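The values are calculated or read from the model by the stated rules, or taken from the named source; none is laboratory data. In this text, all values refer to a predicted model and were calculated from it rather than measured experimentally. All Cβ positions, even for glycine, are placed from backbone atoms using ideal geometry, and neighbour counts span all protein chains on display.
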């Protein structure tokens with residue numbers, strides 16, 4: 001029940017914010033903030049009360065029929081993976097409200113309605129354990145995001161909002177067909193027609209069918225993540241969205257793709273995923289290098305940051321298809337670290353644009369003199385982006401590369417080059433924006449208290465993640481292990497242990513816990 | 001006729017008697033509001049009487065009518081739609097200077113034709129119902145005689161509908177030649193037992209499909225739709241888009257199931273081609289439209305294409321999905337055209353994109369309802385259209401119609417573009433301008449429609465239960 005409450009609070013607060021926003025914009029902002037804080041507190045309490053797995057697979061499980069005639073239930077469940085995703089959702093949600101305090105002055109109520117409904121959709125995606133419900137939430141967040149980009153975005157917002165919607169919707173509909181196929185295949189085999197995730201887990205399919213069905217899911221997740229041939233919508237959407245929109249897009253919406261890979265692709269289609277793995281890793285590596293290269297070529301600062309996302313998401317793709325515990329831990333950390341570091345870079349761009357009304361790198365320079373605090377923050381997150389040890393991203397990328405090295409040395413080696421390119425573009429940000437000749441025509445104030453607070457919290461988060469990632473790793477571990485178990489089980493059952501690369505490798509960190 | 005026959009006919013009798021009473025009333029007093037209120041109450045009474053006569057189903061008035069739960073379900077949908085159309089018409093025509101009391105008489109006769117179709121079990125009732133519906137539509141479409149477009153649309157519809165009726169009639173005659181019967185039940189038993197189907201029957205069935213295709217405006221028989229939608233007064237467009245199409249779907253679904261159409265290879269190919277053509281043509285031509293009514297006309301072609309898929313499913317899930325989709329489509333279309341009707345002025349209908357530019361900032365409530373209906377047409381969650389599309393694809397895939405399901409998915413993405421274009425237009429920022437107040441009744445209708453769309457989108461189980469009980 002508590003899980004339903006989490007989502008309902010956001011939906012109700014969204015409506016309330018819309019209604020009150022007409023009279024008083026501050027009230028709408030406070031309502032949004034209060035709802036997100038309330039959700040965070042509820043989640044902390046709920047997690048503290050139920051932090052051990054009992055008999056079942058979930059920490060908290062809520063399952064009531066919704067449309068029983070078609071085997072659809074309102075099944076929400078929480079495990080370590082969902083908890084981390086939810087914390088990230090509420091954390092970035094709070095920041096999104098805070099950073100919009102001054103930036104958004106038009107239709108404040110409706111703006112917060114959209115923010116809260118996107119977050120509700122995201123929370124639903126991370127909790128839904130019924131495939132229909134999952135798809136429902138998956139689609140639910142698109143419309144408010146479309147409005148967010150289309151109404152409060154920058155110059156080319158209409159084009160970007162269309163592109164965003166149609167790309168993600170096309171991917172989503174293919175997944176929809178696959179969900180139906182899975183439902184029917186399972187129904188025909190067992191006589192039980194259900195969309196329940198756990199019931200569908202053991203569906204038996206011929207390898208060819210499994211692969212085709214998997215491709216539908218994969219398309220949705222690869223568009224969202226995004227993986228390189230499908231990344232086209234991302235730079236436009238991220239660049240044109242208001243800062244809060246970019247923050248949510250980069251920090252959370254891309255992560256639904258990563259979450260989908262971990263939660264659905266590997267457990268539901270272990271065999272097909274293994275078949276796809278070599279290609280998946282290659283796509284990941286291409287994403288890392290191509291995204292980084294394009295990032296370096298940009299003159300629009302926001303676009304530059306957007307392309308770094310493509311590069312960082314390549315690591316996730318690589319890690320997921322490396323199929324081992326170390327890489328999966330890396331993926332988990334990457335999900336959070338990228339959410340924080342790239343989110344912070346977007347906030348920084350927003351703060352610069354708010355002051356000098358341009359995102360063109362060529363027109364910036366020497367900003368450090370006027371805004372040393374902003375400059376220092378920018379430096380921290382540029383370093384995070386290039387993977388400096390001590391910050392979260394380093395842990396993530398190191399674990400992913402180390403994990404990949406065990407299964408595919410070549411891919412790991414090529415992907416490592418991505419770290420060098422990342423260094424180049426990150427240093428470019430610092431050099432072009434903060435260093436260089438001082439342009440005296442640009443008048444800038446340094447961060448005010450609110451902005452400094454937001455940035456300070458994010459710095460603290462990324463440093464904490466960098467020096468002490470164990471908390472995150474421990475929380476997500478059982479859920480990630482389950483995902484890998486499905487794969488291992490499949491390998492054992494099919495007896496397809498052909499070479500060492502595909503052998504299931506379980507590092508000591510996992511084994512110690514499980515025995 | 002027995003007493004039971006009369007009981008089963010009560011809903012139809014009510015809407016037959018009502019126009020006579022209106023005619024008598026008009027000879028003494030001409031009061032538009034009174035007539036409109038009376039019409040609404042008559043439709044409401046007829047609607048309520050459906051639940052009263054329901055327990056008597058199924059009852060056949062041989063050989064012409066069959067009153068089963070299926071036909072009553074459709075009668076209920078038709079009458080509910082007519083109630084809303086009556087209110088929209090009242091609001092719309094109130095400001096017009098034409099003689100407008102007779103409008104409701106024609107509306108009743110038209111609804112009678114539609115209800116006959118829902119209960120038709122014989123070629124005679126099929127044809128009579130269809131013609132009653134069509135002939136009244138000529139008048140309704142051209143009702144605003146001072147508008148050239150309205151008259152042009154009426155004449156266009158007159159010619160095309162007459163031709164299609166002739167083709168339909170010829171098709172029926174051919175089927176009769178081949179089978180020796182015009183009753184659906186006897187046709188059904190003929191097709192169950194028949195070893196081979198004679199070419200007469202095949203050609204006849206093909207011609208029936210052509211005739212019905214005209215009425216449903218599926219490609220390649222769709223040419224009249226945009227002109228008629230554009231020319232007809234907005235409430236009449238609402239009526240054509242929802243009730244007239246719904247009634248034809250009701251009879252063709254029954255006919256197709258009776259003749260085991262999904263087992264006949266040639267018919268399956270024809271329907272498949274028509275469905276795919278309708279989806280692509282409808283959606284592609286809608287992309288570049290700048291007139292709201294034309295855009296919705298093309299969108300309706302595509303939606304009827306989606307719906308035709310269910311003729312081929314051949315399962316009870318398919319029929320239920322078709323009925324659910326139709327209900328969702330009807331309620332959604334009542335919303336979209338209702339908005340157009342309410343925003344229209346005395347001079348012209350609000351069918352240009354300019355009428356909607358920045359609507360969200362001028363009339364947020366209307367814009368929200370319009371957005372909701374468009375999203376429902378596009379099949380986005382929390383609206384009725386989402387559940388409807390889901391059920392449709394599920395039933396299609398369940399019957400192995402992968403190609404059609406895939407085409408539907410592709411078309412959903414194409415369709416999304418122009419629905420979003422309308423939504424984007426409404427959120428376009430414009431300067432402030434003073435906005436005249438809109439009729440209160442119109443808001444009530446929109447509120448009801450919005451509530452139903454959301455209700456069906458979030459808790460559809462009750463309607464699925466109802467539909468599940470109704471069977472052919």
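Quick notes on this structure:
- Complete set of residues in segment B:38-69 that are in a strand (DSSP E or B) and free of Cβ contacts under 8 Å to residues at least 60 places away in the same chain: B:59, B:67
- Residue A:97 vs. criteria within 21 Å of residue B:383 (Cα to Cα) and in a helix (DSSP H, G or I): no
- Within segment A:70-82, the set of residues being within 12 Å of chain B (Cβ to nearest Cβ) and part of a strand (DSSP E or B) comprises A:72, A:73, A:74.
- Residue list for segment A:413-443, filter: free of Cβ contacts under 8 Å to residues at least 40 places away in the same chain and assigned to a helix (DSSP H, G or I): A:413, A:416, A:419, A:420, A:423, A:431
- When the helices (runs of 4 or more DSSP H) confined to segment A:317-392 are screened for residues that are more than 16 Å from the chain's Cα centre (by Cα) and either modelled with pLDDT of 90 or more or surrounded by 24 or more Cβ atoms within 10 Å (Cβ to Cβ) (or both), those reaching at least 3 such residues are found at A:325-356, A:372-386.
- Residue in segment A:49-62 that is under 24 Å from the mean Cα position of the chain (by Cα), farther than 30 Å from residue A:175 by Cβ and surrounded by fewer than 24 Cβ atoms within 10 Å (Cβ to Cβ) present: yes
- Whichever residue in segment B:399-442 is within 11 Å of chain A (Cβ to nearest Cβ) and assigned to a loop (DSSP other than H, G, I, E, B) and, among such residues, is surrounded by the fewest Cβ atoms within 10 Å (Cβ to Cβ): B:429
- Test: residue in segment A:235-246 that is within 28 Å of residue A:62 (Cβ to Cβ), more than 10 Å from chain B (Cβ to nearest Cβ) and crowded, with 23+ Cβ neighbours inside 10 Å: no
- Which listed residue, of B:396, B:385, is assigned to a helix (DSSP H, G or I) and more than 10 Å from chain A (Cβ to nearest Cβ): B:385
- Considered as a group, the residues in segment A:194-210 that are more than 25 Å from the chain's Cα centre (by Cα) and part of a helix (DSSP H, G or I) include one that is surrounded by the fewest Cβ atoms within 10 Å (Cβ to Cβ), and that residue is A:208.
- Number of residues in segment A:195-214 that are away from every other protein chain (no Cβ under 13 Å) and under 25 Å from residue B:386 (Cα atoms): the value is 6.
- Test: residue B:337 is away from every other protein chain (no Cβ under 12 Å), farther than 16 Å from residue B:420 by Cβ and touching a helix residue (DSSP H, G or I) at 6+ places or on another chain (Cβ under 9 Å): yes
- Qualifying residue in segment B:229-237 (condition: farther than 30 Å from residue B:80 by Cβ and in contact with a strand residue (DSSP E or B) (Cβ under 8 Å, 6 or more places away or on another chain)): no
- Residue B:80 vs. criteria closer than 24 Å to residue B:343 by Cβ, free of Cβ contacts under 8 Å to residues at least 40 places away in the same chain and in a helix (DSSP H, G or I): yes
- Residue in segment B:310-319 that is within 23 Å of residue B:419 (Cα to Cα) and buried (at least 21 other Cβ atoms within 10 Å of the Cβ) present: no
- Test: residue in segment A:50-69 that is within 29 Å of residue B:368 (Cβ to Cβ) and within 14 Å of chain B (Cβ to nearest Cβ): yes
- Residue B:201 more than 30 Å from residue B:93 (Cα to Cα), in contact with a helix residue (DSSP H, G or I) (Cβ under 7 Å, 6 or more places away or on another chain) and in a helix (DSSP H, G or I): yes
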